[in-house]
Each structure stands twice: as structure tokens, then as C-alpha cells.
Amino acid sequence: MNETLVDALTEAEAAAELARLAREITHHDKAYHTLDTPEISDAEYDALRRRNAAIEARFPALIRADSPSNRIGGAPESGFAKLRHRVPMLSLDNAFDAAEFVEFCARAKRFLGRTEPLTFVAEPKIDGLSISLTYEHGHFVRGATRGDGTEGEDVTTNLRTMKSLPQRLSGPAPALIEIRGEVFITKADFLALNQAQALAGSKVFANPRNAAAGSLRQLDVSVTAGRPLSLFAYAQGESTEPVANTHWDYLLRLRDWGFEVNPLSRRLGNEADAEAFQNEMALARSGLGYDIDGVVYKIDDLGLQRRLGFVGRAPRWAIAWKFPAEQATTVLREIRIQVGRTGALTPVAELEPVNVGGVLVARATLHNEDEIARKDVRVGDTVVLQRAGDVIPQIVSVVTERRPAHSVPFVFPDTCPACGSHAVRPPGEVVRRCTGGLTCPAQRVERLIHFVSRPAFDIDGLGEKTIQEFYNEGWLHGPADLFRLPQREAEIATREGWGRVSARNLSRAITARRTVPLDRFIFALGIRRIGESNAKLLARHYGSFANWRTQMLAATTVGSDERLELGSITGIGPTIAEELADFFAERRNVDTLDELAAELTIQDAVAAEAADSPIAGKTVVFTGTLETMTRPEAKARAEALGAKVTDSVSKKTDIVVVGADAGSKARKATELGVRTMTEAEWRDLVA
Ligand code: IVH
């Protein structure tokens, strides 16, 4: 990222850089090959190697004895015996685009002094681990991992457990032959294996490649036997007799002997066909049963292969044309909380920009607070980033080995970063939301659009576009500002798309809505879960704006009578009561509400049921313990039917409902000759 361009390096800087790269590459080789736990993406690893190679090309005198260019993989390090490869197992150079592939072909042709096109064999490059299998007189005798390319680990016993590995070659074969191929695990087997591992509380593998390596390199062979390892054969090492003249024919021999050869392998008559094959494979990739990270192109003619030979760790006759990497690692600079138009707080990762699959990524979603906790993502962490197609880049995991010493777990804020209102997360929900809907700048436009919509204030001529337009002008901070728009009528009339008539009409439409029924008013506030029908229930129950406001403020106290009453309104319930309480607990909302109410005439609600109910207009007192309903519930029901509920009995009282263990109030009612009834009689009356 911030690396000096190779061309700008001084000799001293180059030497220091080569030392650093040798150290880093060695470290990552070990992490990848020996420990099966890579810390960086393949693309990043490739970038390190390329930089190393570029510096060496410019300063050949500085090439180190331990240069990563001269070695590959990781030295064997386990309980396995070492096995020397008769012919070294080398690696491949990479191409990342068509230009690099063309350059590779040009180099090969220059080397060969030839101009006519080359015939290639193209094989999907599987992400697994390469192995070398030795057959003597047709019998499998030894098998080894690549190791450092010269010496690998003797995994013969483990390999014998694999069904796809022929113990005997069918048909005539050289006295001794080394056959190379890739051991891998299919995507489906990988998922099943990880599930089983997780269930057993065992190590879960990061990817199919690590799972394959971890499965083969088991000291207990019975573990390997239980693992779903597959094998494709694709190359040769030592052979006591020539087997074929072309690589293509060699693959056919492998198949005849009983190996599986990747059926997608194809002979390309001309190097110009490579690009089409590359695109074809890129498209096929996601649908394949196994992971591939590119295509290997091998010059078909084995005679030409011999002439071309090797340079450093790679052959001159083959190249791996990689797909653009879709994973990369980078540093997480900051976790920013974004507030959506509906008040949802979404964490966004701000990253050290990194190239993922050809796209520079500086930001990724972290979904929600549980996700952050689950992955324990912290500011300063090195994270593995993934980009699939068009979807927003995601953080897959954290490279905990690279975590800074002083890092602390991320604490999700409980206030809205856009407006400072408190942000709440209802039980059972994953999303934390800002409660300052009316004031929060992140939600303002959305709220205003809702506010003027048909079932709310129903202001003609004020649509989404106009709201956005006036908002951009800075005219609309809260809903109260809508009612101040008529003051700008002259100014509006001069705007593009407006005229005197339309401006006048808008003013009229707004003014006409200064008188509003309570239920529409409540609905317009856009409180979560308060749709039209709940707004109606509330309006009917509380009757007037003033009463509703007082009751809601009191209901912010958990366990208060007002809160219980609110929760016991049929159709409301405790969850919605909590949303209302959250809204009113936010001072900014109440201020905005009051500012708005000052602009309006809010009409009382007419209780539909109340008009012809037997208790309409009556004053009711409940006393004693009610058995089939709570006190707030009884009160709510009575009020819904148009009664007034009071605490003390007087001559003005019409009905006293006497519950169990009633005391002085019941006596007083009898004294005053007020009508009393039992709970059951009351229920019949209001049923
Ligand atoms: S040929 C000297 N063919 O890619 C040539 N390698 O980056 C040696 N690989 O170590 C390799 N599919 O693990 C070859 N069809 C294929 C391959 C393949 C996957 C792996 C293999 C090798 C690495 C080189």
C-alpha cells in the first residue's frame, strides 16, 4: 500500500526491503504450509513475492542466499519421515490478466526462438495440496507432500486410505514413475466435515485447502481414512521411460492407469484461445463442486517443456493464470455507525484501502452488533475481507495473530451518532434503533415524507421530490417547519417547476391541514409499530392530545399505572407500549411534538363505541381486588366505553364495582345510595 515504488528505492533501502520480505515470506510459508493456518490472502502473499522478485530484478547483486525466489513452500516439520523427491516439486509463476499471459507466451517463444503459436493444455487450478506418488512396476510404494519442493513428508500410509488413489496402475507402466497431483476436498464435503468438527468440538478449518492439508497430514491414519479426500492427477516427476510426447497424451495415460484427471482440462490449439477458456472457467467457477483459483496453462509439447526448463522455483513452460482475488486482508481503521433512513444503526468498517478482486475496497459492512461480538472484530485488527460479485464487501474473520496488544472489544453505542438520541434494541431483535425519529437528521426526510402522506397529514402537492427539494434548501428541520412553508410562498413561486398558482395551492393545502384529527396526528409521528389502526386505538382511548401526551410521559416509567394501562389497551400490548415509552422518553421528541402541536389544532377523538354504550358519561369507581382483569385494564375498558374512572366515591359517582375484600369505598357507596355491582355484573354490562 504505502510501499515505495521499486524504481524509487535506493540500494540501502532495497537491501533492507529484501531482508524484510525474506522474513515475512518465510513466516507466511510456515503459516500456510506447515501450520495450515494462513494469515494473509493468497493475493497478498503473491504481492509480497512479486515485490521481492521486482527488487531482485533491479538489484541482482542484492539477491540473498535465503531469497524466497529460490525456495518454495514450508519445510517439513512434523512427526512424518522426510522423503526426497527424485525430481523437485516446483511451483508456478502467476499471471493476473491477459497481458501477463501474453507476456509469458512471448517469453517462452523468445526463449525457443519461435514465432508460430503454441499449443497449450489448460487445467483448472484447484486449491488443495500437491503430492507426489511413486509407483514401482505399477505398484504404489511411496507418497509425499511437496514440503519445501525438495523434501516432503512421507504420507504413504495416509494416502493408501484414499479411494481415488490407484494402488496399482492398470496397464503397462514404467519401472518407476513419480506422478503428481492435487489432493483436495469438495465444497460439500468441506461443509459437512466442518459441521462434524464443530459438533465434536474439534478444529474447524478455514477453507477446503486447509481442511485437505490438515486431513492428509494426520499422524493417526484412521483420522485420514475418515476424511473425504479427492485427487486429480496432473503432472509427472521422475520416470524411467518416456510415457508420452505431449502433456495431453500424458493425461490420457494417467486416466488409463486409473487416475482421475480433471474432466474440464482442455487442449488449446492456439495461445489466443486461452482468454476465452479463462472466461469460461471464471463463469463456471461458482458452480463447480470444488474451489479453483485460476487456470494452469501448460505448453503441450513435452519436447518444448524440456528445452524451456526452469527458472528459480518455476517452470518456463507453465503459468497459473489466477482469477482476480476476491479475498484480501487489510487493517480495520474504525467502526463507524451509520443511521439508516428508518433509524437502524448499522456498523460499517472503515478499512485501509485494499484491492479485492480488482476493486479497491475501503469499507465493508459488519451487519449488526451481534455480528461484531461473534467475530470479535476490533478497531486496529487485521481482517479478512471478501467480495463476491456485486454484494457489499464483508469481513469474514479476524487474523487474531496480528491483533495489536492494547486492543479492546468494540462497544456498540447506545446513543444515535447522528442526533444523540438514545438508541434501543427491543428484546429479540438484532437491530438497534435511534429513537429520535422526528429530530434525527439521518431520518428526517423519510419521516417528513411519511408525515405528509395520505393516511397521515395528507398534504396535497407535497410529495417525496418536493420534500427532498425543500429539505436540501435547509427549510425543513422538523415537521413544524412544514407549516411555515406558506411564509415562503413568494420564494417558492419563483423556483424552477413552480409558479404563483402552484405555490399558492401548496400554501392552501398546508393551511387546510392545520386542523387534524388526533389519530392522524399520532400516526404521522411515525413511531415504530404505530400504524393507522394503532393510532386510532390510542386516539380513541386517550381522547385528546393533551391527555395522550400526559399519559404517555407518565407511561415512560416502567411499572407505572399509566404504562400498565397503555399495555392493556386491546390491540396495543406491552411491546408497542415499550415503543411508545421509548419515543416519549426522548426529550427531543417531546420538544418536537410540542413545537408541532403549537402550529396545529388537534381534534379530540370521538370514541366510536362510547356514544351508545350503557356507561357512556358515567363516573365509575373500582374497589377491592378484581379477579378476571387488572385494575388498569378495567379502567382502560371503562374509558373506552365513554366512562370516567375516579378513585374516590362521592355523590357524583354512578357505579362502584366491588371486587374481593372491598373495604370503606363499598360501605360509603351503600351509605350514599350509589349503585354497586360485582365484577361479574360489570363484565356483563361492558361485554
Ligand atoms: S502443475 C511444475 N497443475 O498449483 C508444475 N499445479 O502454484 C507443477 N495446482 O503446487 C504444478 N492445479 O499445488 C499443476 N493442474 C495443475 C494444478 C496445479 C493446482 C497447484 C499445485 C502447485 C501449485 C503451483
Quiz item: In degrees between 0 and 90, to the nearest 10, how far off the longest principal axis of the chain does helix 631-640 point, with axes built from Cα atoms?
Solution: 70
Exercise. Using R₀ = 22 Å, calculate the FRET efficiency as 1/(1 + (r/R₀)^6) where r is the Cβ-Cβ separation of Ala282 and Glu352; round to 0.05.
Key: 0.20
Quiz item: If only Cα atoms are counted, what is the Rg of the stretch 439-508, and what is its Dmax, in Å?
Solution: 11.5, 33
Quiz prompt | Alpha-carbon Debye profile of the stretch 102-191, log10 I(q)/I(0) at 0.12, 0.22 Å⁻¹ | solution = -0.57, -1.06
Quiz item: How much accessible surface area, in Å² rounded to 10, belongs to the heavy atoms of Val102 with a 1.4 Å probe?
Solution: 90
Practice problem: Name the residue farthest towards the positive end of the dipole of the chain from the options Asn472, Pro404, Leu18, assuming +1 on Cβ of Lys and Arg, -1 on Cβ of Asp and Glu, about the Cα centre. | Solution: Asn472
Quiz item: How far apart, in nm, are the 7 Å Cα→Cβ label points at Asp256 and Ala198?
Solution: 4.7
Quiz item: Contour minus end-to-end for Lys375 and Thr10, with contour as 0.36 nm per residue of separation and end-to-end as the Cα-Cα distance?
Solution: 127.2 nm
Quiz item: Using a simple charge model, +1 on the beta-carbon of Lys and Arg, -1 on the beta-carbon of Asp and Glu, nothing else, what dipole does the chain show about its Cα centre, in debye to the nearest 20?
Solution: 340
Quiz item: With θ set to phi - 60° and the Karplus curve 6.51 cos²θ - 1.76 cosθ + 1.60, what are the ³J(HN,Hα) couplings of the stretch 582-594 in order, to the nearest whole Hz, using x for Gly and Pro?
Solution: 4, 5, 6, 6, 8, 3, 4, 5, 5, 4, 5, 4, 5
Quiz prompt | 1.4 Å probe accessible area per residue over the chain, in Å² | solution = 47
Exercise. Run the numbers on the chain and let me know its relative contact order in percent, using alpha-carbon pairs under 8 Å that are six or more apart.
Key: 9
Practice problem: Compare the Cα positions of Ala535, Phe323, Pro228 along the charge dipole of the chain (+1 at Cβ of Lys, Arg; -1 at Cβ of Asp, Glu; about the Cα centre) and return the one farthest towards the positive end. | Solution: Ala535
Quiz item: Between Ser502 and Thr550, 0.36 nm times their residue separation minus their Cα-Cα distance comes to what?
Solution: 13.3 nm
Quiz prompt | Computed lengthening from Arg514 to Arg495, 0.36 nm per intervening residue step minus Cα-Cα distance | solution = 4.4 nm
Quiz item: Hey, if you drop one equal point scatterer on each alpha-carbon of the stretch 561-687 and run the Debye formula without solvent, what base-10 log of I(q)/I(0) do you get at q = 0.15, 0.16, 0.21 Å⁻¹?
Solution: -0.81, -0.88, -1.19
Quiz prompt | Kirkwood hydrodynamic radius over Cα pairs of the stretch 423-471, then Stokes diffusion coefficient at 25 °C and 0.890 mPa s, in µm²/s | solution = 202
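Could you check how many percent of all C-alpha pairs in the chain are farther apart than 51 Å?
The proportion of pairs with Cα distances above 51 Å equals 42 percent.
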Quiz item: Angle, helix 274-284 long axis vs. longest principal axis of the chain, Cα atoms, 0 to 90°, nearest 10?
Solution: 40
Practice problem: For the stretch 18-136, calculate the relative contact order in percent as a whole number, restricting contacts to Cα pairs under 8 Å that are 6 or more residues apart. | Solution: 24
Practice problem: Using a 1.4 angstrom probe on heavy atoms only, work out the carbon and sulfur share of the accessible area of the stretch 26-119 in %. | Solution: 56
Quiz prompt | Probe 1.4 Å, all protein chains present, accessible-area order of Lys665, Lys30, Lys298, largest first | solution = Lys30, Lys665, Lys298
Quiz item: Where does helix 532-542 land angle-wise versus the long Cα axis of the chain, in degrees 0 to 90, nearest 10?
Solution: 30
Quiz item: For the stretch 389-507, what is the Kirkwood estimate of the hydrodynamic radius, computed as the reciprocal of the mean inverse distance between distinct Cα atoms, to one decimal in Å?
Solution: 17.9
Self-check item: Residue-by-residue Karplus 3J(HN,Hα) for the stretch 107-117, coefficients 6.51, -1.76, 1.60, Hz, glycine and proline x
Solution: 4, 4, 5, 4, 4, 7, x, 10, 10, 5, x
Practice problem: Obtain the nm distance between the two label points defined at Arg484 and Arg267 by a simple spin-label model: each point lies 7 Å from its Cα along the Cα-to-C-beta direction. | Solution: 8.2
Quiz prompt | Distance cut-off 13 Å, percentage of C-alpha pairs in the stretch 608-670 lying past it | solution = 59
Quiz prompt | Rg and Dmax of the stretch 192-286, Cα atoms only, in Å | solution = 18.2, 52
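The values are calculated or read from the model by the stated rules, or taken from the named source; none is laboratory data. All values reported here derive from a predicted model rather than from experimental measurement. Because the Cβ atoms are built from the backbone with ideal geometry, glycine has one as well, and the counts that use them run over all protein chains shown. Note: accessible area is taken over every heavy atom of the protein model, side chains too, but ligands, DNA and RNA are not part of it. Shrake-Rupley method; radii C 1.70, N 1.55, O 1.52, S 1.80 Å.
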